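Readers should treat all values here as calculations from the given coordinates under stated rules, not as data from a laboratory. Here the structure is a predicted model, which is why all the values come from computation and not from measurement. Every residue, glycine as well, gets a Cβ built from its backbone with ideal geometry; the counts of neighbours run over all protein chains shown.
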Amino acid sequence: MPLLSKYLSDARMARLAPHIKGDILDIGCQRGQLKTKVAGQIRSYTGLDMSPAAVAAARELHPDATFLTLNIDEEVVPFEDAFDTIVMSAVIEHIFNLRTLGQSLAKALRPGGVVVLTTPTPFGNDFIHSLGASIGLFSKIAADDHIAIFNRKRCEVFANEFGLRLTRHSLFQLGCNQLAIIEKPAPGALAA
Ligand SMILES: C[S@@+](CC[C@H](N)C(=O)[O-])C[C@H]1O[C@@H](n2cnc3c(N)ncnc32)[C@H](O)[C@@H]1O
């Protein structure tokens, strides 16, 4: 694993963890690393990834959790009003089909539930990540795979398109990474 990849994954999860609760869906769960970190604060954990190998490893590591292999570029998730928190840690930048993703998020969240996501900023992705990948600090494959780069405004526009609302946005790792919290408003909640 490239030198800083595990450090960055742990740092992302430390940022996400305080916002995670209840029944959670972890999109792009890989081997379910997040499950270990938040086990004491959630009711249930469901992980989803397009990689059958990652899902097989996750099932072995976490027999008490639910996992499914699904490509969220191609299919809307098979859940409705099912989750309090949907996590996407370093995943949205890999997604081509944001319409299908947005439909999945709006459908699978309970009213009042939140999407908690991290994704590189344009600065972090285009400059720092590319530079780090070129000298072996980060994964080059991951850097090459980033096709949807978000800033605060784009998070807000994406949320609004699916009847969701950006409620919090902050930068971390010296402006290279960002945390966004996107809520599914409860019925009757006034638009901000
Ligand atoms: C950079 S890794 C992030 C893993 C973990 N969430 C973390 O923060 O360390 C991105 C993960 O998203 C998954 N992924 C990418 N595109 C996907 C898609 N279209 N549908 C489902 N999973 C996808 C990849 O297989 C990979 O496990």
Looking only at the chain, where both bridge partners belong to it, what percent of the DSSP beta bridges are antiparallel (to the nearest 5)?
40
Got the relative contact order for the chain handy, in percent, Cα pairs under 8 Å and 6 or more residues apart?
20
Given a Förster radius of 25 Å and the C-beta distance between His169 and Lys37 as r, what FRET efficiency does 1/(1 + (r/R0)^6) yield to the nearest 0.05?
0.70
When a footprinting reagent is the concern and you count Cβ atoms within 10 Å, what order do Met88, Met13 take, fewest first?
Met13, Met88
Classify the chain: rounded, prolate or oblate, from the alpha-carbon gyration tensor (a ≥ b ≥ c, eigenvalue square roots; a/c under 1.5 rounded; otherwise prolate if a/b is larger than b/c)?
oblate
Two-site FRET efficiency, Ala186 against Lys21, from Cβ-Cβ distance with R₀ of 22 Å, rounded to 0.05:
0.90
Can you classify the range 1-94 as rounded, prolate or oblate using the Cα gyration tensor, where a ≥ b ≥ c are the square roots of its eigenvalues, rounded means a/c under 1.5, and otherwise it's prolate if a/b beats b/c and oblate if not?
rounded
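Can you count the Lys pairs in the range 5-183 with C-alpha separation below 21 Å, eight or more apart or on different chains?
6
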